[in-house]
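What follows is calculated from the coordinates using simple rules that are stated; it is not laboratory data. These numbers were taken from a predicted model, which means no experiment stands behind them. Reconstructed Cβ throughout: ideal geometry from the backbone, glycine too, with neighbour counts over all protein chains shown.
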Amino acid sequence: MAEFGFNEHHQNEAINYMRFARSKRIIRLKTIDSCFEDLKDSRLVEETFTVDEVRDMLDGLQLVVRGEVETELINTAHTNVLLLRQLFSQAEKFYLRLQTDISELENRELLEQVAEFENTEFKNPNKTNQEISKPKLAPLNEGGVSELLNKEISRLQEENNKLKGRLRTLETQAMGALDEKTRAERALKDLQKVKGEQQMTTRSQEITSLEDTVAALQEDYQKSLSVNAASQRDLQDNLVSAKHDLLRVQEQLSLAEKELDRKFQQTSAYRNMKEILTKKNEQIKDIRKRLSKYESDE
């Protein structure tokens, strides 16, 4: 099995499984042979048989052989599953994830290599019948566990050393950044101090300028108040004069209306209209008197 890259331990395990499978196969073949022998001894006792009898014997033999072959195939499949279970259980104890390639199970070249190895390994009949005591599949021995643990410890130590080196680098960078921060804070304080002095000078200048501006505005406001007072007096005088003119105009309008009424009453049209209205009023009074008489008679 050197072609498959197995080490000596795994090669011995493969040989044990092949020996187990070979013994099961030999037993099953002997069982099938016994089926045929039983048929010969129990049924082939006469010299001549009819077609139906031969068919009946072959059908019975077919059922028996089919059952034996099917049982063997099922048992082989289940046995392989148990073997995989042992391998996977050992792998999971060490957090390994095994993978299988089902297509390789039909690789004719590999199957021929396995057959050749089996023929070579079990060529000697005496060797086939030997019972070699092999331990059952179990977790890796203590040496393997220690080796894995040592490798893991070495890896963790190496990673720890890398992390320590990185931590030292980060500490150096942090100290440098802290120094830079301290220098920057000092420079910022100096700058703020200079800037504060400049701001004080600028603010004093701005305050002086604002005071001058406020004084000028107050002077303008006083002037505006004087002008507004004179304007207000002029407006009041104008308002009084306008009221007098309005009263005079209203009086003139009243006199004009009265004069117009007087002139209208003196016209012939007005007199005729007044006479007509007087007659109509008299006629209405007369009609009312008559109506009142009729109402009293009723």
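Remark: the range 205-216, residue by residue, has Karplus-estimated 3J(HN,Hα) of 5, 5, 5, 4, 5, 5, 4, 4, 5, 5, 4, 5 Hz, where x stands for each Gly or Pro and the curve is 6.51 cos²θ - 1.76 cosθ + 1.60 at θ = phi - 60°.
With the dipole of the chain worked out from charges on the C-beta (+1 for Lys and Arg, -1 for Asp and Glu) around the Cα centre, which of ALA242, ASN107, GLY176 lies farthest toward the positive end? Towards the positive end, the residue furthest out is ALA242. I want to verify a result. In a Gaussian network model of the chain, Cα cutoff 10 Å, which of these has the top mean-square fluctuation: ALA269, ALA174, ALA229? Among ALA269, ALA174, ALA229, the largest GNM mean-square fluctuation belongs to ALA269. Between helix 8-42 and the chain there is an angle of about 70 degrees, using the helix long axis and the longest principal axis of the Cα atoms.
With 0.36 nm allotted per residue and the present C-alpha distance subtracted, the GLU70-TYR221 stretch has 42.2 nm of extension available.
Name the long-range amide H neighbours of PHE122: under 5 Å, sequence gap of 5 or more, or other chain; modelled H, no Pro or chain starts. Those lying under 5 Å, H to H, from PHE122: there are none.
Using C-alpha pairs below 8 Å separated by at least 6 residues, the relative contact order for the chain is 13 percent.
Ranked by the mean number of other Cβ atoms within 10 Å of their residues, highest first, the peptides 22-31, 276-285 come out as 22-31, 276-285. Pick from THR267, THR48, THR208: which residue has the top mean-square fluctuation in a GNM of the chain where Cα pairs under 10 Å get a spring? Ranking THR267, THR48, THR208 by mean-square fluctuation puts THR267 first. Could you tell me which label, among (1) 21.5, 74; (2) 20.7, 63; (3) 67.5, 178, carries the value of Rg and Dmax of the Cα atoms in Å calculated for this structure? Here the calculated entry is (3). Between LYS195 and LEU163, the modelled label-to-label distance comes to 4.3 nm, taking each label 7 Å out from Cα in the direction of the beta carbon.
On a 0 to 90 degree scale, rounded to 10, what angle separates helix 51-93 from the longest Cα axis of the chain? Once rounded, one gets 60 degrees. Once you've got the Cα coordinates, tell me which of LYS93/LYS151; LYS258/LYS279; LYS24/LYS93 are over 23 Å apart. Checking Cα-Cα distances, LYS258/LYS279; LYS24/LYS93 exceed 23 Å. Evaluated at q = 0.13, 0.16 Å⁻¹, a Debye calculation over the C-alpha positions of the range 147-298 (equal weights, vacuum) places log10 I(q)/I(0) at -1.01, -1.10. Modelled label positions at ARG25 and LYS243, each set 7 Å beyond Cα in the direction of Cβ, lie 14.0 nm from each other. Residues considered: ALA256, ALA21, ALA216. Largest GNM mean-square fluctuation over the chain, using C-alpha springs under 10 Å, is found at ALA256. Can you tell me the FRET efficiency between GLU116 and ILE32 if r is taken as the Cβ-Cβ distance and R0 is 41 Å, rounded to the nearest 0.05? The pair GLU116/ILE32 has a calculated efficiency of 0.95. Charges were assigned to the Cβ only: +1 to each Lys and Arg, -1 to each Asp and Glu. The resulting dipole of the chain about its Cα centre is roughly 2980 debye.
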